[in-house]
Structure formats: C-alpha cells, structure tokens
Amino acid sequence: MNIGGLQKLTLLDFPGKIACTLFTVGCNLRCPFCHNAALVLPDRICQTMTDTELLTLAGEARKRAYAPYSHFAVGAALLCKDGSVYTGCNIENASFTPTVCAERTAFFKAVYDGKRAFTAIAVVGGKEGDPDGTAFPCGVCRQVMAEFCKEDFRVITPEGAYTFGEILPHAFGGI
Ligand code: THU
C-alpha cells in the first residue's frame, strides 16, 4: 500500500520486523502486526489508519479463516486508540457452538494484550474464494463490542461505515 509516497505494509508484506520501521515511536504507534514498539526513523511520518487500510488488513486476516463447515470466511481489523491494530478471523468447530467470529478473535487478542480503548473495526466476509464482501457483526459480537466500546465506535464495511450506536441501539450494559 502506498500512501503519500510512504509505503505501508500489509500482512502479505510482513515476513519480519521490517513493518515496524513504518511507524515512529513519537506517535505512539506500534507495528500493527507484531505489536512491538516501532523503530525510530526520522524520514518517516506518522499516519493513522484509514478505513481503506483497515479494510485491506481485514481482507488479509480473512485469508486465515478456518471455516471448513460454513465455507464463509471473515476477517476483521480492530483499531485501538493507541494506534495499534489487531486482526482476527473466524475459527469454526465441528461442534459448531464453539465457533468464534473474526470480530471476537480480534477483540480478545487485543484485550489479552491489555488494550481497552478502541476506535474502529473493519470487517469483510464472503464465501471462500469470493472477493471481500460485507459481513455485519453478529449479535454476540455486538454484545462483546458493547463491553468495550461507546456509541461513537465505528464499524467499517466495504459498503460504508456505521457507528456502534447505529448497529446496536439500547445495548445491554450490565445490571
Ligand atoms: N462470522 C463472523 O466471523 N463474523 C460475522 O460478522 C458474521 C459471521 C462467521 C461465523 C461463522 O464461522 C461463519 O461466519 C458463518 O456464520
């Protein structure tokens, strides 16, 4: 991905720590893939993730989906307030119920890493082999979002972006 003359890497371009060189420590960004602190390179400037970039990362994550039962592959890219990005895919199970969606995979990875504040999530899905399409977060994933996100959290799809308040009004917030 080339933005303003600066190259930003996708998962495909990430054989090693070279991705880290794209972000400056001063911007408090971390490599979106390995989440390591970035190297300081004075000739690089800080850029925040665009919706298009997040959708691209979600598309890369979708390639890792384990969906032998539905053959519906989903990828998600979750942007944290600190600039880091956590990706996820759906992981199915022969017993069906333990299946986890791409969105929850991304959230749980991030929360495990200590992240609690989130800006946006991009989600793409479709039948295996089909190009990235729109897959709206299921109800369970929306409830997980409700645990950590406010109404202005953004849900980005190839068709457009929505606020979390739009897709889950009157969310249950606890007793
Ligand atoms: N799935 C997701 O990963 N995210 C969504 O937003 C909708 C559904 C997964 C679950 C299951 O593995 C497959 O898509 C078909 O429902």
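The values are calculated or read from the model by the stated rules, or taken from the named source; none is laboratory data. Everything numeric here is computed off the predicted structure, so don't read it as measured data. Note: ideal-geometry Cβ built from the backbone for every residue, glycine included; neighbour counts use all protein chains shown.
Does region 152-164 contain at least one residue that is without any contact (Cβ under 8 Å) to a residue 12 or more places away in the chain, more than 12 Å from the ligand (Cβ to nearest atom) and within 24 Å of Glu53 (Cβ to Cβ)? Within region 152-164 (the criterion being without any contact (Cβ under 8 Å) to a residue 12 or more places away in the chain, more than 12 Å from the ligand (Cβ to nearest atom) and within 24 Å of Glu53 (Cβ to Cβ)), the answer is yes, since at least one residue qualifies. The set of residues in region 113-129 that are more than 13 Å from the ligand (Cβ to nearest atom) and more than 15 Å from the chain's Cα centre (by Cα) comprises Gly114, Gly129.
Within region 111-135, track down each residue that is touching a helix residue (DSSP H, G or I) at 6+ places or on another chain (Cβ under 7 Å), without any contact (Cβ under 8 Å) to a residue 60 or more places away in the chain, assigned to a loop (DSSP other than H, G, I, E, B) and surrounded by 13 or more Cβ atoms within 10 Å (Cβ to Cβ). Matches in region 111-135: none. Restricting attention to region 136-151, the residues that are in a loop (DSSP other than H, G, I, E, B) and within 10 Å of the ligand (Cβ to nearest atom) total 3. Residues being among the aromatic types (Phe, Trp, Tyr), more than 14 Å from the ligand (Cβ to nearest atom) and at pLDDT below 50 are entirely absent from region 79-96.
Looking only at residues in region 66-110 that are in contact (Cβ under 8 Å) with a residue 40 or more places away in the chain and in a loop (DSSP other than H, G, I, E, B), which one is nearest to the chain's Cα centre (by Cα)? The extreme case among them is Ser84.
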